[in-house]
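Engineer: One structure coming up, written as structure tokens, with questions to follow.
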Amino acid sequence: MKRSRFILAAGAALVLPLAPLVAQDSMPPAPYAYRQLPDPAQEAKAQALMETLRCLKCQSQSIADSDASMAGDMRNEVRTRIAAGEQPEAIRQWLIDRYGDYVSYTPQVKPLTWPLFAAPAVFLALAALLLRGRFRRANLRKDKP
């Protein structure tokens, strides 16, 4: 009895790490993942929006440039919603609500993020004050005989 449990546990320990290899994408890509919209104006809107959205899997490419399956699903969603007449900003907001602020290359000023936008101005003002004081002291030393 104990031996069979040991064999079962050992087999599971060997097989479970291989599970991600078996779980690869077996679904076909979404319809508009690699196919453009028939209307050139709608496709231009979709393309412009897709270039401003970040692929969550690759993290350094836009969904327009990424080959990841998740980016393909996002391209499909953007094109489907554009074809349905939805505005690009509404689609962007829907994706931000679903995936978070990170999905957009265009940062938004919110109560939580405003210090990030204000910090450069504060640092420049502080540097200007420090340099002004330094130059003022240097000029005072030159003026003394």
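Engineer: Hey, got the Cα dimensions of the chain along the principal axes, in Å, largest first?
Structural biologist: That works out to 97, 61, 26 Å along the principal axes.
Engineer: Could you work out [θ]222 nm for the chain from helices alone, using -39500 (n - 2.57) per DSSP H run of at least four and dividing by all its residues? Round to the nearest 500 deg cm²/dmol. Please list the in-between numbers first.
Structural biologist: Values: 6 runs with 86 residues, N = 145.
Taking each H run of at least 4 residues, the total per residue is -19000 deg cm²/dmol.
Engineer: While we're looking at this one, here's another question. If you fit an axis through the alpha-carbon atoms of helix 40-50 and take the longest principal axis of the Cα set of the chain, what angle between them do you get, 0 to 90°, nearest 10?
Structural biologist: 70 degrees
Engineer: Please give me, ordered by residue number, the chymotrypsin sites (Phe, Trp or Tyr not before Pro) of the range 80-114 that lie in loop per DSSP and have at most 12 other Cβ atoms within 10 Å. Numbers along the way, then the final one.
Structural biologist: Working: sites: Trp94, Tyr99, Tyr102, Tyr105; in loops: Tyr105.
The qualifying sites are Tyr105.
Engineer: Can you compute the modelled spin-label distance between Gln47 and Lys2, with each label point 7 Å from Cα toward Cβ, in nm?
Structural biologist: So the two model labels end up 7.0 nm from each other.
Engineer: So which aspartates and glutamates pass the test for Lys57, namely a Cα distance under 17 Å, with those fewer than 8 places away in the same chain ruled out?
Structural biologist: Partners within reach: Asp25, Asp65, Asp67, Asp73, Glu77, Asp101.
Engineer: In degrees from 0 to 90, rounded to the nearest 10, what is the angle of the helix 2-15 Cα long axis to the longest principal axis of the chain?
Structural biologist: Helix 2-15 and the main axis of the chain meet at about 60 degrees.
Engineer: Let me ask you something else. May I ask you to compute the full-extension gain from Leu116 to Gln59, defined as 0.36 nm times their residue separation minus their alpha-carbon distance, rounded to one decimal in nm?
Structural biologist: Values: separation 57, 0.36 × 57 = 20.52 nm, distance 2.06 nm.
Extra length available between Leu116 and Gln59 comes to 18.5 nm.
Throughout, read-outs are computed from the coordinates displayed, never taken from laboratory work. None of the values given here were measured: they were computed from a predicted structure. Ideal geometry is used to build each Cβ from the backbone, glycine not excepted, and the neighbour counts take in all protein chains shown.
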